[in-house]
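Shown next, in structure tokens, is the structure this report addresses.
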Amino acid sequence: MLNKDFLIKTLGSVSVFCAGLVALPEASEAQLRICNETLAPVEVVVGYPTYIDVSSLDRVRRNRPRQTLTRWDSRGWYTLRPRQCQTVVPGPLRNRYYYFYGQTQRGGRTRYWRGDSAFCIRSEAFTAQGTNCSSGYRRQGFQRIDIGPRATRFTLNLTQSSYDN
């Protein structure tokens, strides 16, 4: 036979645990999304730093602080129809800054979202590692997105007034 006090405490603990699970954000909510709020299709490339722990490679420096190497990666192309959003970096965001480059056709001219941060791109679908562009790639200026110091998700809205020409 079950002890009444034990049963009440157990059910209370299970209720608190389940309530906590309901309050947790879903994994699908953690992401970087880009939304096309223009009237024309937009093509987008995303760039971001990747941090690689290189301390384990240095067998001589045992009691030294952890060392990381930053590699700048870019990937694209994502084609967004008008009023469409797409996840370009899935999962929890680990960086404060992400970067993007976009282009669209408007009024017979190509319009751009670009900036001063250089990443490698090419005309067809790609994933590039580093900013020293190999054959078939070219350097392109990306805009920086500041998602804040603790954000795990962010949505960037591209509008007609936000491109640079």
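Computed from the coordinates by the stated procedures, all read-outs in this text should not be read as laboratory data. Bear in mind that the values here come from a model prediction, so they are computed numbers and not experimental data. All Cβ positions, even for glycine, are placed from backbone atoms using ideal geometry, and neighbour counts span all protein chains on display.
A few remarks follow.
- Charge tally for THR104 (other residues, Cβ to Cβ under 9 Å; Lys, Arg +1; Asp, Glu -1): +1.
- On full extension, the segment bounded by CYS85 and ASP146 gains 20.1 nm, given 0.36 nm per residue less the C-alpha separation.
- Pair GLU124, ALA40: separation of 7 Å Cα→Cβ label points (nm): 2.5 nm
- Taking each residue as 0.36 nm, the span from ASN132 to ARG106 lengthens on full extension beyond its C-alpha to C-alpha distance by 6.2 nm.
- In this structure the amide hydrogen of THR50, modeled in the peptide plane, comes within under 5 Å of the amide hydrogens of ARG71, TRP72, ASP73, none closer than 5 places in sequence on its chain.
- Per-residue HN-Hα couplings for the range 150-163 [Karplus 6.51, -1.76, 1.60; θ = phi - 60°; Hz; x = Gly/Pro]: 10, 5, 10, 8, 7, 10, 9, 9, 8, 10, 5, 7, 9, 7
- SER161-TYR97 pseudo-label distance in nm [points 7 Å out on the Cα-to-Cβ vector]: 2.6 nm
- Inter-site label distance for ARG71 and THR50 at 7 Å from Cα along Cβ, in nm: 0.4 nm
- Under 5 Å from the amide H of GLN84 lie the amide H atoms of ASN36, each residue being 5 or more positions distant or on a separate chain, with H modelled from the backbone and absent for Pro and chain starts.
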